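Notes follow once the structure below has been shown.
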Amino acid sequence: MSSEAKNLTEGPLARQIFIFSVPLVLSNLLQALFNMSDIAVVGRFAGSQALGAVGSTTIFVTLITGFLIGLGGGVNVLVARFYGAGQPKEVEKSVHSSLVVCLAAGVLMLLIGLIFSPALLRLLGTKPDLIDGAILYLRIYFLGMPALALYNFGNGVFSAVGNTRKPLVYLSIAGALNIVLNLFFVIVCNLSVAGVALASILTQYLSAGLILRALARAQDCYGLRREKLRPDPAMTRSILGLGVPAGCQNAIFALANLFIQASINTFDTVVVSGNAAAANADPLVYDVMAAFYTACSSFMSQNYGAGKRKRVKRSYFISLGYSFGIGAVLGISLVIFGRTFLALFTTEQAVVDAGMQRLVIMGLCYPVSAFMDCTIAASRGLGRTIVPTFIVIMGSCVFRVLWVYTVFAWFRTLPSLYLLFICSWTLTAIAEIIYFARAYKEQMKIYDPA
């Protein structure tokens with residue numbers, strides 16, 4: 001084991017998970033803030049129409065990028081399991097196969113985004129005064145999908161071996177440059193939505209290049225070697241078996257939210273812009289909470305590979321406690337300081353008022369999502385992905401669509417739309433917890449009690 005990697009199977013668990021997660025929290029927080037800078041810059045310096053155009057693309061961007069992030073999560077689980085079990089040859093094969101799979105997925109997402117984004121934006125009922133800017137933003141932004149796929153691959157590998165600091169450093173460098181380029185392209189070059197999209201893809205390729213360079217220099221079994229860069233058939237099937245359902249879980253949330261965005265688009269442009277500004281809180285909270293989901297999967301996978309039964313179970317409960325706590329703190333903070341937060345994106349009071357309707361409801365509901373997402377991550381850490389994905393489809397896709405066409409169709413108010421989040425989270429969490437309890441008992445039968 002190299003000095004940069006960490007053994008997650010020994011030592012005080014709560015402290016280890018916290019130390020492991022802090023760089024991930026900072027990394028995810030920075031990523032959310034840097035992504036928010038796109039909308040903040042166009043909102044402040046290009047006007048509410050540009051804000052609405054970029055904001056209208058958020059759901060579709062999340063749909064595509066969510067799949068790639070989930071695929072990286074599958075890489076994390078597989079590499080962590082072999083690393084924890086002390087199987088360097090399997091780690092080597094999983095890393096090199098994963099790179100090929102993730103790169104192919106990134107190219108595929110690029111093509112899907114370029115081909116289908118205009119039609120989907122029209123299907124969602126994007127406002128006529130916003131759609132041209134939204135299409136332009138997406139067509140540029142999706143050119144960065146191969147880079148995003150490679151960064152998430154590298155992040156998954158480093159997290160699997162307990163090194164969460166390197167991705168943080170690389171993301172910090174790329175993110176700082178992203179803000180500078182946002183301001184330059186929008187204020188100096190007057191490129192508006194095209195400028196923030198261009199800044200995003202340039203910095204995505206920078207972060208991908210940095211993380212691949214670090215993996216190529218690593219001397220441990222997880223290091224990249226050009227001559228070994230070929231997919232192993234059996235390993236590729238395992239990667240797809242873990243990564244594709246994980247990616248679909250993320251994409252399914254976004255798919256269901258497409259119906260929510262279509263409902264938002266039935267209101268006037270002020271409400272659409274206010275929702276777009278307030279929706280920036282979602283990745284801010286979700287991504288920070290997701291650091292503990294990654295910790296949950298990584299710790300459970302390594303300890304499952306090492307046969308540490310008690311540590312597997314405790315990893316879940318500790319990660320759940322951390323994620324719930326940080327969700328509560330961030331959510332309540334957004335309720336209290338919501339108007340200050342929204343002022344980052346717009347100077348129009350009507351837009352702020354519309355945004356606060358979302359922030360108040362969502363801010364109080366964010367912690368509930370921990371019970372669902374952390375349990376999904378725990379099942380993934382045990383190698384179970386198919387059933388959790390089905391549960392998500394029913395609880396967070398089908399249920400939300402039914403809500404839109406029943407409850408929202410009856411009341412036609414913003415609160416009646418936003419309340420579907422906590423209801424779907426609660427139902428999905430109950431089902432996921434029941435499944436995880438059963439899966440844990442079945443998986444742990446192969447080990448004697450620790």
Just checking, how many residues over region 310-334 are farther than 17 Å from Tyr293 by Cα and crowded, with 18+ Cβ neighbours inside 10 Å?
2
Being closer than 14 Å to Ile17 by Cβ and of a type in the set (Val, Ile, Thr) is the filter here; which residues of region 283-317 pass it?
Thr294, Val312
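Answer with yes or no whether Val401 is of a type in the set (A, V, I, L, M), modelled with pLDDT under 90, in a helix (DSSP H, G or I) and crowded, with 24+ Cβ neighbours inside 10 Å. Let's see the steps before the verdict.
Working: of a type in the set (A, V, I, L, M): yes; modelled with pLDDT under 90: yes; in a helix (DSSP H, G or I): yes; crowded, with 24+ Cβ neighbours inside 10 Å: no.
Taking the combined requirement at face value, the residue does not satisfy it.
Out of curiosity, is Asp287 out of contact with any helix residue (DSSP H, G or I) (no Cβ under 6 Å at 6 or more places or on another chain), part of a helix (DSSP H, G or I) and either of a type outside the set (Gly, Ala, Ser) or open to solvent by 30 Å² or more (accessible area, probe 1.4 Å) (or both)? Steps first, please.
Numbers: out of contact with any helix residue (DSSP H, G or I) (no Cβ under 6 Å at 6 or more places or on another chain): no; part of a helix (DSSP H, G or I): yes; either of a type outside the set (Gly, Ala, Ser) or open to solvent by 30 Å² or more (accessible area, probe 1.4 Å) (or both): yes.
Spelling it out, it is not the case that Asp287 is out of contact with any helix residue (DSSP H, G or I) (no Cβ under 6 Å at 6 or more places or on another chain), part of a helix (DSSP H, G or I) and either of a type outside the set (Gly, Ala, Ser) or open to solvent by 30 Å² or more (accessible area, probe 1.4 Å) (or both).
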Select from region 78-91 the residues that are assigned to a helix (DSSP H, G or I) and over 26 Å from the mean Cα position of the chain (by Cα) and write down the one among them that is farthest from Cys221 (Cα to Cα).
Glu90
Select, from Phe408, Phe436, the only residue that is among the hydrophobic types (A, V, I, L, M, F, W, C), assigned to a helix (DSSP H, G or I), in contact (Cβ under 8 Å) with a residue 60 or more places away in the chain and farther than 16 Å from Gln249 by Cα.
Phe408
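This table checks each residue for (1) open to solvent by 50 Å² or more (accessible area, probe 1.4 Å); (2) over 23 Å from Ile135 (Cβ atoms); (3) touching a strand residue (DSSP E or B) at 6+ places or on another chain (Cβ under 9 Å).
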{"position": "Thr164", "(1), (2), (3)": "no, yes, no"}
{"position": "Ala174", "(1), (2), (3)": "no, yes, no"}
{"position": "Ile179", "(1), (2), (3)": "yes, yes, no"}
{"position": "Leu183", "(1), (2), (3)": "yes, yes, no"}
{"position": "Asn190", "(1), (2), (3)": "yes, no, no"}
{"position": "Ala194", "(1), (2), (3)": "no, no, no"}
List pairs: first in region 328-352 and hydroxyl-bearing (Ser, Thr, Tyr), second open to solvent by 90 Å² or more (accessible area, probe 1.4 Å), Cβ under 8 Å, 6+ apart or cross-chain?
Thr346/Arg44; Thr347/Arg44
What's the number of the only condition in (1) open to solvent by less than 50 Å² (accessible area, probe 1.4 Å); (2) at pLDDT below 95; (3) in a helix (DSSP H, G or I) that Gln357 fails to meet?
(1)
Could you say whether any residue in region 291-314 is more than 25 Å from Lys441 (Cβ to Cβ) and among the aliphatic types (A, V, I, L, M)?
yes
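Considering only residues of region 198-208 that are open to solvent by less than 40 Å² (accessible area, probe 1.4 Å) and either outside any helix (DSSP H, G or I) or not hydrophobic (A, V, I, L, M, F, W, C) (or both), which is nearest to Tyr170 (Cα to Cα)?
Here is the first cut: in region 198-208, the residues open to solvent by less than 40 Å² (accessible area, probe 1.4 Å) are 199-201, 203-204, 207-208.
So of that shortlist, the ones also either outside any helix (DSSP H, G or I) or not hydrophobic (A, V, I, L, M, F, W, C) (or both) come out as 200, 203-204, 207.
Details: Ser200: 14, Thr203: 10, Gln204: 10, Ser207: 6 Å.
Top of the filtered list is Ser207.
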Looking at (1) farther than 30 Å from Ser192 by Cα; (2) of a type in the set (S, T, N, Q); (3) at pLDDT 85 or above, which is the one condition that is false for Asn152?
(1)
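Can Ala276 be described as under 22 Å from the mean Cα position of the chain (by Cα), within 16 Å of Thr126 (Cα to Cα), open to solvent by less than 10 Å² (accessible area, probe 1.4 Å) and in contact (Cβ under 8 Å) with a residue 12 or more places away in the chain?
Yes, satisfied.
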In region 34-80, residue modelled with the lowest pLDDT [restricted to those that are of a type in the set (Phe, Trp, Tyr) and under 18 Å from Ala290 (Cα atoms)]
Phe34
Residue set Arg213, Arg230, Arg225; condition without any contact (Cβ under 8 Å) to a residue 24 or more places away in the chain and either among the hydrophobic types (A, V, I, L, M, F, W, C) or open to solvent by 30 Å² or more (accessible area, probe 1.4 Å) (or both); output residue Arg213
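Between Ser172, Ser159, which is over 16 Å from Thr65 (Cβ atoms) and either touching a Ser or Thr at 6+ places or on another chain (Cβ under 6 Å) or part of a loop (DSSP other than H, G, I, E, B) (or both)?
Numbers: Ser172 fails: either touching a Ser or Thr at 6+ places or on another chain (Cβ under 6 Å) or part of a loop (DSSP other than H, G, I, E, B) (or both).
Checking each option against the conditions leaves just Ser159.
This table checks each residue for (1) crowded, with 24+ Cβ neighbours inside 10 Å; (2) within 27 Å of Leu191 (Cβ to Cβ).
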| residue | (1), (2) |
| --- | --- |
| Gly72 | yes, no |
| Ala85 | no, no |
| Ile135 | no, yes |
| Leu138 | yes, yes |
Hey, among the residues in region 234-254 that are polar (S, T, N, Q) and under 26 Å from Phe399 (Cβ atoms), which one's surrounded by the most Cβ atoms within 10 Å (Cβ to Cβ)?
Gln249
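The values are calculated or read from the model by the stated rules, or taken from the named source; none is laboratory data. None of these values were measured; they are calculated from a predicted model. Note that we place each Cβ from the backbone using ideal geometry, even for glycine, and neighbour counts take in every protein chain shown. Keep in mind that these areas ignore ligands, DNA and RNA; they rest on the heavy atoms of the full protein, side chains included. Shrake-Rupley method; radii C 1.70, N 1.55, O 1.52, S 1.80 Å.
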